[in-house]
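Enquirer: Could you have a look at this structure, given as structure tokens, before my questions?
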Amino acid sequence: MSEAQLELTYTALAECIGRVGENKTSLLLATLALDLLSQQADAKTALAHILQAERLANT
Amino acid sequence: MTTASSFPDKVPVVIAGGGPVGLSLAALLARHGVACLVLEADASYCEGSRAICISRRSQEILGWVGADRPLVDKGLSWVGGRSYFQGTEVLHFKMPSEPTERFAPMVNIQQYYIEQYAHAAAARIGGVDVRWSARVTAVRAQAAGVDVDFETADGATHSVHTDWLVACDGGRSTVREQLGLQLEGMQYEGRYVIVDIEQDTQRAVERLAWFDPPSNPGSTILMHRQPDNVWRIDYQVADHEDPVEAVKPENVLPRVQAHLDMIGETAPWKPLWISIYNAKCLTLPSYRHGRVLFAGDAAHLVPIFGVRGLNSGLDDAGNLAWKLALVQQGHASQALLDSYSVERVLATRENIAYGAKSTEFMAPPHHGFALMREAALRLATVAPSVRPLINPRQSAPIEYAGSPLNQPERAGAFAGGAHAGLPAPEASLQTLQGPGHLTALFGTCFVALYFSSEPDVPATLQQFAGTGRAGAAALRLVRVAAQGAANADTVVDALGQAWQRYDAAEGTLYLIRPDGYVMGRWRDAAASPAPITAALARVLTETPHE
């Protein structure tokens, strides 16, 4: 993904979160994460992403 | 000391506002032979450092009036910066830069120095009358000119008639108010406190940013070095904080101290200036209203992030000066001034788009952007691919796409280089005076860059330089040779930079506007000069016959 496309994606998701509101943000992001994780090559890769996100969330 | 009674009754151009844009425009107009009167409400140069980051493009523009040398000598040049999340570096960026460059990508300097240097340049050139403590109070625009009323420090009122009034009187422009015009757009709620402190430091000159630093958890802090041992510190205040309370020293100084302690800057320090800021994306829809023109903050307000405020104002001045000079001196019709508005409104809209992106990161406007920033900063500690999201998107010259001055190009003629509407690329080369730079040729008049290894320039091209027109209306024909010796009309591109950056072949010709933008380019100009005649006719009322 190019830098411009990354920026576009970032903004689109930020605005999407803003539209659904704080109450539904967790559900939105869990849905999105599950969708993307299901497209990973295998469970090992998906689990690595989950553990990384958990570690970063606790910083 | 000039007495009040010596105010002129009539001047070609009045500039409302003697800030950096107004004084630079005055110097540029003077350089083109147009006299002007500058009316500034304040008693002298600005207080506080205000705009401090001067882009390469702005340095070029100030160079047209000889104000670049003191700027570069006094200022602190820099090429990049670092961003930190909590304690971790998450971005180290560098702007395009090369050892032989004419100007650094950015120079930090207090705004009042810019004002002084522009004023000194105007005084040196002559024809500029700057009046301090002269506040514009009323503007009456007519078809044939503008009457401007102003009040001086002694309470006396005066009136001056001018052919053209240029409003450079800032964000709260009196001229704009007098014409009943309003800025359009939006502003962001997030606020930043701006603090200048004096402290001795040996730290490298870089743009420094800390997100959620241990010194001020939850905040964002920016730091820039300035000359005279001054730090500029910007920090984000929480949404619930009262802006009046936020700028009180008892609330500001402990935060600054905590951060200086954190980064190991232990020398004694004192505060110099405190202000507060929120990002604005506002513009007039048009910068020309008959004989009144708008430039700088009077025309547009863009977010501070990316340093597009003063830099875009100086670009306004650079775009307007030559056009206004041509019109004022009868070399061009008033319609040329419409292109100023078209081009610079376009530039503002682009600056606002970039500025909005930066602001969404630096001062997130809602929960969605705040959450995404938290995610991006954390991810940036392990994933280089997301680090560009943190990049501050520094000011860069803007393409005037769709400008009425751009000349059409034959399809497929060029595979690279700079097409019409782009700034003419820089190149290091040999001049008669020794090593020099291509952009140093710009800023005075039209320039035709003729890329050729043949020492004799064809007569079909020589005619354009021999019209006898002076000032901004003149055309200077410069041959760019790949090798050989430089002379008054030939520069030598020994490094091959110019030929490569202009995608040149034998006989290629670029027509460059007085503000250093490409107006058109042709492969076979000597054999078919008619398009060049047509290009000049777009601007000038009289062009040479073939």
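The values are calculated or read from the model by the stated rules, or taken from the named source; none is laboratory data. Computed from a predicted structure; not experimentally measured. Note: ideal-geometry Cβ built from the backbone for every residue, glycine included; neighbour counts use all protein chains shown.
Enquirer: Would a scan of the stretch A:7-15 turn up a residue that is modelled with pLDDT under 95 and charged (D, E, K, R)?
Expert: For the stretch A:7-15, residues modelled with pLDDT under 95 and charged (D, E, K, R): present.
Enquirer: For the structure I just gave you, tell me whether B:Phe7 is buried (at least 19 other Cβ atoms within 10 Å of the Cβ), in contact (Cβ under 8 Å) with a residue 40 or more places away in the chain, in contact with a strand residue (DSSP E or B) (Cβ under 7 Å, 6 or more places away or on another chain) and farther than 27 Å from B:Asp297 by Cβ.
Expert: no
Enquirer: Sticking with this one: Which numbered condition in (1) in a loop (DSSP other than H, G, I, E, B); (2) within 14 Å of chain A (Cβ to nearest Cβ) is the only one that B:His419 fails?
Expert: (2)
Enquirer: Would you confirm, using the coordinates I've provided, whether B:Ala504 is buried (at least 20 other Cβ atoms within 10 Å of the Cβ), hydrophobic (A, V, I, L, M, F, W, C) and not in a loop (DSSP other than H, G, I, E, B)?
Expert: Here the answer is no, as B:Ala504 does not meet what is asked.
Enquirer: Considering only residues that are more than 13 Å from the chain's Cα centre (by Cα) and either part of a helix (DSSP H, G or I) or more than 9 Å from chain B (Cβ to nearest Cβ) (or both), look in the stretch A:12-24 and name the one that is surrounded by the most Cβ atoms within 10 Å (Cβ to Cβ).
Expert: A:Gly18
Enquirer: Limited to the stretch B:342-399, what total is found for residues that are within 12 Å of another protein chain (Cβ to nearest Cβ), surrounded by fewer than 20 Cβ atoms within 10 Å (Cβ to Cβ) and outside any helix (DSSP H, G or I)?
Expert: Residues that pass the stated criteria total 7.
Enquirer: Quick one: is B:Val65 farther than 25 Å from B:Arg393 by Cβ, part of a loop (DSSP other than H, G, I, E, B) and either at pLDDT 95 or above or away from every other protein chain (no Cβ under 14 Å) (or both)?
Expert: Against the criterion (farther than 25 Å from B:Arg393 by Cβ, part of a loop (DSSP other than H, G, I, E, B) and either at pLDDT 95 or above or away from every other protein chain (no Cβ under 14 Å) (or both)), B:Val65 qualifies.
Enquirer: Scan B:Ala481, B:Ala472 and give me the residue that is under 30 Å from the mean Cα position of the chain (by Cα) and of a type in the set (Gly, Ala, Ser).
Expert: B:Ala472
Enquirer: Out of the stretch A:28-59, which residues are over 16 Å from B:Ala383 (Cβ atoms) and within 11 Å of another protein chain (Cβ to nearest Cβ)?
Expert: A:Leu28, A:Leu29, A:Asn58
Enquirer: Of the residues A:Leu6, A:Leu27, A:Leu34, which is closer than 24 Å to B:Phe361 by Cβ, among the hydrophobic types (A, V, I, L, M, F, W, C), without any contact (Cβ under 8 Å) to a residue 40 or more places away in the chain and part of a helix (DSSP H, G or I)?
Expert: After applying the criteria, what remains is A:Leu6.
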